[in-house]
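Novice: Here it is, the structure, as structure tokens.
The values are calculated or read from the model by the stated rules, or taken from the named source; none is laboratory data. This one's a predicted model, so the numbers in the text were calculated from it and none came from an experiment. Using ideal geometry, Cβ is built from the backbone for each residue, glycine included, and neighbour counts are taken over all protein chains shown.
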Amino acid sequence: MRFDSKEAWAEWNSLDFFPKSQFEAWRSALSDSHLKWSLDKSPSTGFSGEIKMRHLGGIRLLYCACDTCNGKRTPSEINKSEGEYFGLLYIYEGSEIVFHENQASKLEKNSFTLWDSTKPIEFKLLSKIKKVTLLVPQDRLRAQFPQVDNYIGKNLDCSKGLGAVTASHIAALGSEANAIDNGSGDSVVDLTLELITTCLQGNTHQAMSKAKQELFDSIIKFIQKNLEFSELGPCFIANEFNISTRYLHSLFAEKGISMGHWIRDKRLEQCRRQLVHVGRYKTSITDIAFQWGFNDSAHFSKVFKKKYGITPSEYQKRHFNPIGGK
């Protein structure tokens, strides 16, 4: 079975195959859905495995339940895989050990970890398992959380607080994704990634003083309310808060963020959302770009394609959903 659909909730089950061929069918299905993997020698008996997949808002959402098995991605499998992704892995039931980035993490129920599709990784299932994986393009996640590479391979706490909220959200997404209509997909993914990155930011060890954090939060709110103004930049923002541009840049640097890139990416997010939901009267792509602070349509198309992999017009053709339409 090939997982080629970009809209339907595709399903695969080993019960559709004879017992002797179930594991080889599983090996193929896993590589078709979760990027390329090499699995250990097949068992002598049958193998129980189930995969459900949905392309949603530019990410790949995968539910997986299976018997114990071991697998890995070596340079050979990495070179055969298309695209560069971060895998966000959440365990519903069971346990496994993941070896990645010189770290061995034991993942159990309600555990959450991230892995990098461009680097070698191994897994060993210790029991039957149920899990959800979100495959997110690396450029997209890095734009929202530049420090994401610092968390690759780590077992993140989802037992309480925001971690528990994030885990519950991912679990619900895995079970309800087939009921989410295509027009809502981008909004759902935006919400999911915002929640995940907020959770990761809450785990960062680099903390600001209370006064500095309050100033930074105020600046962020100010920027978000004024994205449509093309003059929004370091001097404009610094003058508004009576600080120097140097100090302004240092606040963002302390968070591991480039202010200019952050503003650009927030504007791109707004443009992308409007390309999908433009209402009954279609607004031109140039008008949308100018509405959100861009003043050069060619530059807008270039940075949009760099972030999302396709041009604004191609994105709109794929995802256009008039308000009130299905």
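Novice: Kindly evaluate E101 against the criterion of being at positive phi, in the same structural domain as G183 (by TED's automatic domain parsing), over 17 Å from the mean Cα position of the chain (by Cα) and not small (G, A, S).
Specialist: Judged against the criteria, E101 is a match.
Novice: Which one of these is surrounded by 13 or more Cβ atoms within 10 Å (Cβ to Cβ), modelled with pLDDT of 90 or more and within 22 Å of S187 (Cβ to Cβ): L200, L227?
Specialist: L227
Novice: Taking the condition of being modelled with pLDDT under 80 and of a type in the set (A, V, I, L, M), how many residues in the range 135-169 meet it?
Specialist: Here the count works out to 2.
Novice: Quick check: anything in the range 129-150 of a type in the set (D, E), within 18 Å of the chain's Cα centre (by Cα), crowded, with 17+ Cβ neighbours inside 10 Å and not assigned by TED's automatic domain parsing to the domain that holds L268?
Specialist: Taking every residue of the range 129-150 in turn, none turns out to be of a type in the set (D, E), within 18 Å of the chain's Cα centre (by Cα), crowded, with 17+ Cβ neighbours inside 10 Å and not assigned by TED's automatic domain parsing to the domain that holds L268.
Novice: Take A167 and tell me if it is buried (at least 21 other Cβ atoms within 10 Å of the Cβ), at negative phi and not acidic (D, E).
Specialist: The answer is yes for A167.
Novice: Of all residues in the range 285-326, which are assigned to a loop (DSSP other than H, G, I, E, B), on the phi < 0 side of the Ramachandran plot and at pLDDT 85 or above?
Specialist: Within the range 285-326, W292, F294, N295, D296, T311 meet the criteria.
Novice: Just to verify a result, which residue in the range 230-265, among those that are of a type in the set (D, E, K, R) and closer than 28 Å to N150 by Cα, is surrounded by the fewest Cβ atoms within 10 Å (Cβ to Cβ)?
Specialist: Result: R246.
Novice: Let me ask another. Among the residues of the range 224-244, which ones are part of a helix (DSSP H, G or I) and under 30 Å from the mean Cα position of the chain (by Cα)?
Specialist: Q224, K225, P234, I237
Novice: Let me ask another. Pull up the range 274-284, narrow it to residues that are within 25 Å of the chain's Cα centre (by Cα) and modelled with pLDDT of 80 or more, then point me to the one that is surrounded by the most Cβ atoms within 10 Å (Cβ to Cβ).
Specialist: Top of the filtered list is L275.
Novice: In the range 258-276, is there at least one residue being on the phi > 0 side of the Ramachandran plot and part of a loop (DSSP other than H, G, I, E, B)?
Specialist: Checking the range 258-276: not a single residue is on the phi > 0 side of the Ramachandran plot and part of a loop (DSSP other than H, G, I, E, B).
Novice: Right, something else. Can you find even one residue in the range 101-110 that is in contact with a helix residue (DSSP H, G or I) (Cβ under 8 Å, 6 or more places away or on another chain) and of a type outside the set (V, I, T)?
Specialist: The answer is yes, given that some residue of the range 101-110 is in contact with a helix residue (DSSP H, G or I) (Cβ under 8 Å, 6 or more places away or on another chain) and of a type outside the set (V, I, T).
Novice: Which of the residues belonging to the range 252-265 are free of Cβ contacts under 8 Å to residues at least 40 places away in the same chain and of a type in the set (A, V, I, L, M)?
Specialist: Of everything in the range 252-265, those that are free of Cβ contacts under 8 Å to residues at least 40 places away in the same chain and of a type in the set (A, V, I, L, M) turn out to be A253, M259.
Novice: Shifting gears a bit: What pairs come out if I take residues in the range 298-318 that are under 14 Å from G83 (Cα atoms) and pair them with residues that are at pLDDT 85 or above and crowded, with 18+ Cβ neighbours inside 10 Å whose C-beta lies under 6 Å away, six or more apart or interchain?
Specialist: These pairs meet every condition: K307/L268.
Novice: Being aliphatic (A, V, I, L, M), in the same structural domain as T286 (by TED's automatic domain parsing) and crowded, with 18+ Cβ neighbours inside 10 Å narrows it down to one residue among L215, L268, L173, L193; which is it?
Specialist: L268
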